[in-house]
């Protein structure tokens, strides 16, 4: 004969005396929900857990438990649990996420499973932005699920494969942008707190040809720019490889060198042109005369137009001005044109 040890119970909110959860169980099951709420376990039913947490925050030590049916077999308890949920569902206050009867797992067979999971994910993501909330969720010592345990070799291998992938291999589109953003924020906080981040980036791959160039060029007392351009690596990587290979690295200070000495002949001319474009006046090697006043420049452009082409629109195009600005400019500087253009 089957032992009738099961019961159906209701959890009541002491703030308004409303039933907010219907469950089925045995022994101390109705009070297990309090443990879930205190440990912030949202894996089963986050709505129920948060309702209990709000009750505790309001100053109550516990919710009220009411036993609706007792001395039941497990099958009877399942059926009565369904009936009670259907009975109290119209109140709109229940936090049950299924119609009951499944026993334990209230999510796997839920018709709104995907929607519920997405809501939980978004809610947790928003909540865990707060460092204090993250601390609350952290489990240390014996409370931690991995306390005294180790990962299996299969799990370790999966983690190795995952950690060996770059962001570009792991993510795409918006997820990739967000991953880089998160990493930048972590690195910024590390540097801000005076700590040097480690293990954030994959080790830079260096080819045999590059190693050979490092051995040849590192002792030649070149500038960092020439080393980087000839070897094709950043100076930080070159410095690290020299340290690993016990190669003496000599570097010249390029502060007082000209372009040829600092960058080498290949890039010197290109750098010189870019630099020349930034220098104004007689210091610029491409300078061919003094400053031409803006009015004179615009007069020269005006004289290039044919008589019938002199209109507000054409003047706006060659002077790079809007039509109303053209009129005000003519009024101030070329009043004779104002009479000609009749405005």
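Go ahead and run the numbers for FRET between residue 322 and residue 229, Cβ-Cβ distance against an R0 of 45 Å, rounding to 0.05.
Efficiency at R0 = 45 Å is approximately 0.50.
So if R0 is 41 Å, what FRET efficiency would residue 168 and residue 41 give, r being the distance between their Cβ atoms, rounded to the nearest 0.05?
FRET efficiency, residue 168 to residue 41: 0.70.
Which peptide among 13-20, 293-300 comes first, and what is the full order, when sorted by highest mean count of other Cβ atoms within 10 Å?
For the peptides 13-20, 293-300, the packing ranking is 13-20, 293-300.
Going by the alpha-carbon gyration tensor, a ≥ b ≥ c the square roots of its eigenvalues, is segment 294-341 rounded (a/c under 1.5) or, if a/c is not under 1.5, prolate (a/b greater than b/c) versus oblate?
Rounded.
What does the highest-first list of 218-226, 159-167 look like by mean Cβ count within 10 Å?
Sorting 218-226, 159-167 by mean packing, highest first, produces 218-226, 159-167.
In nm, to one decimal, how far is the modelled label at residue 205 from the one at residue 124, with both set 7 Å along Cα→Cβ?
Reported label-point gap for residue 205 and residue 124 is 3.5 nm.
May I ask you to compute the full-extension gain from residue 54 to residue 161, defined as 0.36 nm times their residue separation minus their alpha-carbon distance, rounded to one decimal in nm?
34.3 nm
In nm, to one decimal, how far is the residue 265 label point from the residue 28 one, both placed 7 Å along Cα→Cβ?
Using points 7 Å along Cα→Cβ, the separation is 8.6 nm.
How large is log10 I(q)/I(0) at q = 0.14, 0.18, 0.27 Å⁻¹ when the Debye formula is applied to the Cα atoms of segment 208-257, each weighted equally and without solvent?
Values, matching the q order: -0.28, -0.47, -1.05.
Taken together, the values in this text are just the output of simple stated rules run on the coordinates, not laboratory data. Please read all numbers here as calculations on a predicted model, not as lab measurements. We place every Cβ from the backbone using ideal geometry, glycine too, and count neighbours over all the protein chains shown.
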